[in-house]
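> Below is a structure I'd like to ask you about.
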Amino acid sequence: MKNNTTKNSGKSKQEKNLDPNGESQVVDGGELHQIVGGQHPALTTNLGVPISDNQNSLRANQRGPTLMEDFIFREKITHFDHERIPERIVHARGTGVHGFFELTESLQKYTTAKILTEVGEKTPVFTRLSTVAGGAGSIDTPRDVRGFAVKFYTKEGNWDLVGNNIPVFFIQDAIKFPDLIHAVKMEPDRAFPQAATAHDTFWDYISLTPESMHMVMWIMSDRTIPRSLGMIEGFGVHSFRLINASGKSTFVKFHWRPKLGLQSTIWDETVKISGADPDFHRRDMFDAISAGKFPEWEFAVQLFTQEEADRFPFDHLDATKLIPEELVPLKVIGRMVLNRWPNNFFAETEQVAYCVANVVPGIDFSNDPLLQGRLFSYQDTQLLRLGSPNFHQIPINTPKCAFTNQQRDGHMQMEQPTGRVAYEPNSLSENSPREMPVNGFHSAVITENGDKDRIRAESFADHYSQARQFYISQTAYEQAHIASALVFELSKVEHVHVRERIVGHLRHIEEDLAKRVAQGLALDKMPDAPVAARPVQVMAPSPALQIIGKMKDTLMGRSIGILITDGSDGAVIETLKKAAMDAGASVKIVAPKVGGAKLADGSIMNADGQLAGTPSVLFDAVAVILSDKGAKALSTESAAIDFVRDAFGHLKAIAADKGGQALLKTAKVGQDLGVMDANNKDAFITAAKTRQWEREKSVRTLA
Ligand code: HDE
């Protein structure tokens, strides 16, 4: 058929066939191919058929319909249509990194597990840090618990320690989990809010679930708005058991402690980070790994016997309780370093399948009813997500030790077992796998008795004592943040009776907290406290529960932003930059234009970020080094005004030269010890390592 359009914009077949290894730039039917040398393999179908044209589907004629016959098109689109697997129902948003675990102290007295007894041995790990409530594409920085899941590829099989950055949980029995998650997720009729607890269904459920009150204190604290993934603690939460060579078992709780110390953001800062960089934590981790600044955690255990547990003023099998460090001290036994970014997000981070039931000989479970339920849930969830009982054959899930058994076949089987024997016991095969009565996995031998029933132990009934202990252990600044977070969240709740019911619970925790929240909500009278199943016990404050007390005197893992303009003083910038980098920080230059600025001496300083897209919320402290002319130009630039105003409002150190001071004045930014002259680099570095907590009362009204 004749037609007046020409194929490929008039190019001949020869012109379309590019030399894949040449250096050329060719327009092909509108597409731009930039080939920069190298040996490019042929593009093929999944079955190895070379593809001649990856831009045009097979058409009946130049402007006619596409033909079903086009197997290349169909294969490509079918594969694309199937690219997604169900995202995790919880913890969908996560960042995974490879690394290693190194044991520094043997637990041989307590366990046979090689991973906990072979000092100096480096075991590969894959660690995935996540938020809980949001979907896979949600922001990194909502107020939320962080998941802390570690897969240890040990010599005796994979051990998955699937924990959180908070040592307790909302509920005591796994059967409640779907209700809790339905309450926190987007409300089903309107499909919002995404990744947020600040809505009616969450607080309605919580207000009817007194056992959640301890967890509520933790989630309303700044633990749920961490500064970076390298600055969170990790907890196995439940009690587990270790079993030694003579079969004796000891209870254990697992802890991860970040080498960078604990640090959180300010709520207003978190909200703004979410807009400025929805991938804030993932990017920060990627940058740290790329720069060779590998995040590291200490691994610690709390060990205790049944007899000791019997004397605790709470039940350690109740996941809403922690064991204060003052009661059972932490013993550091190893470290984990994360040092390798995955090659491919989907293949590794998305397909990694953590299962709480994955333990190795020498490690066993306790009777915590939450843990018991989790032992079922994770395997089941992986079967749905990964679609096959052979998901252990996906490389990220495959043990690094030998494994063999008589399980066969199934969807996506990758192995090709030989021989006629696929059962055990057998007498036909000389080399088929056999049980290992001595070294194989053994459960702890425990005597169980009592009535079978749907029942909660009496010892689980104290819901307020540890909530109170957490609150009274905090610094005054942190208490104000908890009260303000409660006011913020409950102000988003439309139902007044739900707000009131929560304040009623708070009265059992601390009357002053309840008063502050009631005032923040403008309740006309103090709601009654619900009947408590058990009286609140007096527990001594535990400073280990603070964040501020656990900040470290370092700029490692922190970032400093320096705002410059044309005419800025290069020497001052360089001095500050060097001091910050020497203290371990990364430094970014921010300028009105991304191409950089022409400094006073005529040289060009490149910018790492354009002012409009690089607000100060992305930094831990800022310096403002401006020429007089630059300061004047920025005085009508709201991004510059916000830059300094937010830095001040988020309690950050600010170093400013004369031009910088002029901008601070225009922005009506106050002066305090955290605002200093740019020449005072030592004071700036010291102030940058912390937040100016005293400033807070001058910049916002806290509850
Ligand atoms: Fe999970 N949880 N969970 N959870 N959880 C999942 O498994 C579940 C709980 C935690 O990075 C799911 O693979 C039940 C406590 C982390 O891939 C699912 C209960 C703690 C991750 C599941 C709990 C956690 C999950 C969803 C109540 C801290 C992410 C996707 C008994 C100790 C792991 C998946 C990753 C993921 C079930 C409670 C931590 C549905 C039934 C307590 C870090 O199986």
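The values are calculated or read from the model by the stated rules, or taken from the named source; none is laboratory data. Computed from a predicted model, the values in this text were never measured in an experiment. Glycine also receives a Cβ, built like all others from the backbone with ideal geometry; neighbour counts cover every protein chain displayed. Surface accessibility is based on the protein's heavy atoms, side chains included, excluding ligands, DNA and RNA. Shrake-Rupley method; radii C 1.70, N 1.55, O 1.52, S 1.80 Å.
> When you look at Arg434, is it open to solvent by 90 Å² or more (accessible area, probe 1.4 Å) and free of Cβ contacts under 8 Å to residues at least 40 places away in the same chain, yes or no? Before the answer, list the steps.
Working: open to solvent by 90 Å² or more (accessible area, probe 1.4 Å): yes; free of Cβ contacts under 8 Å to residues at least 40 places away in the same chain: yes.
Here the answer is yes, as Arg434 does meet what is asked.
> Considering the stretch 99-113 alone, what residues qualify as being open to solvent by 50 Å² or more (accessible area, probe 1.4 Å), more than 11 Å from Ser246 (Cα to Cα) and of a type outside the set (S, T, N, Q)?
The one that is open to solvent by 50 Å² or more (accessible area, probe 1.4 Å), more than 11 Å from Ser246 (Cα to Cα) and of a type outside the set (S, T, N, Q): Glu105.
> Determine whether the stretch 156-171 contains at least one residue that is away from the ligand (no atom under 12 Å from the Cβ) and under 24 Å from the mean Cα position of the chain (by Cα). Before you say what the answer is, go through the steps one by one.
Of the stretch 156-171, the ones away from the ligand (no atom under 12 Å from the Cβ) are 156-159.
Narrowing further to those that are under 24 Å from the mean Cα position of the chain (by Cα): 158-159.
Within the stretch 156-171, one or more residues are away from the ligand (no atom under 12 Å from the Cβ) and under 24 Å from the mean Cα position of the chain (by Cα).
> Let me ask something else about it. Name every residue in the stretch 465-497 that is surrounded by fewer than 20 Cβ atoms within 10 Å (Cβ to Cβ), more than 12 Å from Ser221 (Cα to Cα) and in contact with an Asp or Glu (Cβ under 7 Å, 6 or more places away or on another chain), in order of residue number.
Ile472, Glu494, His495
> Does Asp70 fit the bill of being exposed (fewer than 15 other Cβ atoms within 10 Å of the Cβ), without any contact (Cβ under 8 Å) to a residue 60 or more places away in the chain, out of contact with any Cys (no Cβ under 6 Å at 6 or more places or on another chain) and of a type in the set (D, E, K, R)? Even if it seems obvious, please write down each step before you answer.
Working: exposed (fewer than 15 other Cβ atoms within 10 Å of the Cβ): no; without any contact (Cβ under 8 Å) to a residue 60 or more places away in the chain: yes; out of contact with any Cys (no Cβ under 6 Å at 6 or more places or on another chain): yes; of a type in the set (D, E, K, R): yes.
So Asp70 fails the test.
> Which residue is nearest to the ligand (Cβ to nearest atom), if the candidates are limited to the stretch 126-155 and must be of a type in the set (Phe, Trp, Tyr) and farther than 18 Å from Asp279 by Cα? Reasoning before the result, please.
Keep residues of the stretch 126-155 that are of a type in the set (Phe, Trp, Tyr), which gives 126, 148, 152-153.
When the remaining residues are screened for being farther than 18 Å from Asp279 by Cα, the result is 126, 152-153.
Values: Phe126: 10, Phe152: 14, Tyr153: 16 Å.
Only one residue tops the list, namely Phe126.
> Restricting attention to the stretch 647-662, report how many residues are farther than 16 Å from Lys272 by Cα, in contact with a Lys or Arg (Cβ under 9 Å, 6 or more places away or on another chain) and touching a residue at least 40 places away in the same chain (Cβ under 8 Å).
The initial filter retains those residues of the stretch 647-662 that are farther than 16 Å from Lys272 by Cα, namely 653-662.
So of that shortlist, the ones also in contact with a Lys or Arg (Cβ under 9 Å, 6 or more places away or on another chain) come out as 653, 655, 659, 662.
Then keep just the ones that are touching a residue at least 40 places away in the same chain (Cβ under 8 Å); that gives 655, 659.
Final tally of qualifying residues: 2.
> From the list Thr270, Thr224, Thr265, Thr250, which residue is under 28 Å from Ala357 (Cβ atoms), away from the ligand (no atom under 16 Å from the Cβ) and open to solvent by less than 40 Å² (accessible area, probe 1.4 Å)? Step through it out loud before you land on a result.
Working: Thr270 fails: under 28 Å from Ala357 (Cβ atoms); Thr224 fails: away from the ligand (no atom under 16 Å from the Cβ); Thr265 fails: under 28 Å from Ala357 (Cβ atoms).
Being under 28 Å from Ala357 (Cβ atoms), away from the ligand (no atom under 16 Å from the Cβ) and open to solvent by less than 40 Å² (accessible area, probe 1.4 Å) holds for just one of Thr270, Thr224, Thr265, Thr250, which is Thr250.
> Another question about this same structure. Among the listed residues His214, His182, identify the single one that is under 22 Å from Ser484 (Cα atoms), of a type outside the set (A, V, I, L, M), modelled with pLDDT of 95 or more and within 14 Å of the ligand (Cβ to nearest atom). Don't jump to the end; show me each part of the working.
Working: His182 fails: under 22 Å from Ser484 (Cα atoms).
The conditions single out His214.
> With the checklist (1) closer than 18 Å to Thr270 by Cβ; (2) of a type outside the set (D, E, K, R); (3) buried (at least 17 other Cβ atoms within 10 Å of the Cβ) in hand, flag the one item Trp693 doesn't pass.
(3)
> Do we find a residue being at pLDDT 95 or above, away from the ligand (no atom under 13 Å from the Cβ) and open to solvent by 30 Å² or more (accessible area, probe 1.4 Å) anywhere in the stretch 365-381?
Step one: list which residues in the stretch 365-381 are at pLDDT 95 or above, which gives 365-381.
Keeping just the survivors that are away from the ligand (no atom under 13 Å from the Cβ) gives 367.
Cutting the leftovers down to open to solvent by 30 Å² or more (accessible area, probe 1.4 Å) gives us 367.
Looking through the stretch 365-381, at least one residue is at pLDDT 95 or above, away from the ligand (no atom under 13 Å from the Cβ) and open to solvent by 30 Å² or more (accessible area, probe 1.4 Å).
> Where in the stretch 245-345 are there helices (runs of 4 or more DSSP H), lying fully within it, with 2 or more residues that are touching a residue at least 12 places away in the same chain (Cβ under 8 Å) and in contact with a helix residue (DSSP H, G or I) (Cβ under 9 Å, 6 or more places away or on another chain)?
On the way: elements: 267-276, 280-290, 306-311.
The qualifying helices (runs of 4 or more DSSP H) are 267-276, 280-290.
> Please count how many residues of the stretch 273-311 are over 30 Å from Glu696 (Cα atoms), β-branched (Val, Ile, Thr) and surrounded by 14 or more Cβ atoms within 10 Å (Cβ to Cβ).
Qualifying residue count for the region: 2.
> Do you know which of the residues in the stretch 79-98 that are outside any strand (DSSP E or B) and within 11 Å of the ligand (Cβ to nearest atom) is surrounded by the most Cβ atoms within 10 Å (Cβ to Cβ)?
Residue satisfying both the conditions and the ranking: Arg93.
> Kindly indicate which of Arg468, Arg454, Arg408, Arg385 is touching a helix residue (DSSP H, G or I) at 6+ places or on another chain (Cβ under 7 Å), of a type in the set (Lys, Arg) and at pLDDT 95 or above.
On the way: Arg454 fails: touching a helix residue (DSSP H, G or I) at 6+ places or on another chain (Cβ under 7 Å); Arg408 fails: touching a helix residue (DSSP H, G or I) at 6+ places or on another chain (Cβ under 7 Å); Arg385 fails: touching a helix residue (DSSP H, G or I) at 6+ places or on another chain (Cβ under 7 Å).
The unique qualifying residue is Arg468.
> Quickly run through the stretch 538-576 and pick out the residues that are over 29 Å from the mean Cα position of the chain (by Cα) and open to solvent by 60 Å² or more (accessible area, probe 1.4 Å). Step through it out loud before you land on a result.
We begin by selecting, within the stretch 538-576, every residue over 29 Å from the mean Cα position of the chain (by Cα); these are 538-540, 563-576.
Once the filter is applied, which keeps residues that are over 29 Å from the mean Cα position of the chain (by Cα) and open to solvent by 60 Å² or more (accessible area, probe 1.4 Å), the stretch 538-576 yields Val538, Ala540, Asp566, Asp569, Ala571, Glu574, Thr575.
> Working carefully through the options Glu102, Glu75, find the one that is over 27 Å from Ala467 (Cα atoms), touching a residue at least 60 places away in the same chain (Cβ under 8 Å), more than 16 Å from the ligand (Cβ to nearest atom) and outside any loop (DSSP other than H, G, I, E, B). Write out each step before concluding.
Details: Glu75 fails: touching a residue at least 60 places away in the same chain (Cβ under 8 Å).
After ruling out the rest, the residue left standing is Glu102.
> State which residue pairs qualify: first residue farther than 29 Å from Lys151 by Cα and inside the stretch 401-423, second residue basic (Lys, Arg) and surrounded by 10 or more Cβ atoms within 10 Å (Cβ to Cβ) in any location, beta carbons under 9 Å apart, and separation of 6 or more residues or different chains.
Ala422/Arg408
Rundown of residues vs (1) within 16 Å of the ligand (Cβ to nearest atom); (2) on the phi > 0 side of the Ramachandran plot; (3) open to solvent by 30 Å² or more (accessible area, probe 1.4 Å), yes/no style:
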site	(1), (2), (3)
Glu326	no, no, yes
Ile333	no, no, no
Glu348	yes, no, no
Gln351	yes, no, yes
Gln407	no, no, yes
Gln413	no, no, yes
Pro417	no, no, yes
Tyr423	no, no, yes
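> Go through the stretch 382-400 residue by residue and tally those that are open to solvent by less than 70 Å² (accessible area, probe 1.4 Å), assigned to a loop (DSSP other than H, G, I, E, B) and without any contact (Cβ under 8 Å) to a residue 24 or more places away in the chain.
Counting residues in the stretch 382-400 that are open to solvent by less than 70 Å² (accessible area, probe 1.4 Å), assigned to a loop (DSSP other than H, G, I, E, B) and without any contact (Cβ under 8 Å) to a residue 24 or more places away in the chain gives 1.
> Against the conditions (1) in contact (Cβ under 8 Å) with a residue 12 or more places away in the chain; (2) open to solvent by 60 Å² or more (accessible area, probe 1.4 Å), where does Val644 fall short? Just the number, please.
Just one mismatch for Val644, condition (2).
> Tell me, yes or no, whether the stretch 584-596 has at least one residue that is open to solvent by less than 40 Å² (accessible area, probe 1.4 Å), free of Cβ contacts under 8 Å to residues at least 12 places away in the same chain and assigned to a loop (DSSP other than H, G, I, E, B). Steps first, answer last, please.
Taking the stretch 584-596 and keeping what is open to solvent by less than 40 Å² (accessible area, probe 1.4 Å), we get 584-585, 587, 589-591, 596.
Add one more test, that the residue is free of Cβ contacts under 8 Å to residues at least 12 places away in the same chain, and what stays is 596.
Next cut, assigned to a loop (DSSP other than H, G, I, E, B) only: 596.
So far as the stretch 584-596 goes, yes, one or more of its residues are open to solvent by less than 40 Å² (accessible area, probe 1.4 Å), free of Cβ contacts under 8 Å to residues at least 12 places away in the same chain and assigned to a loop (DSSP other than H, G, I, E, B).
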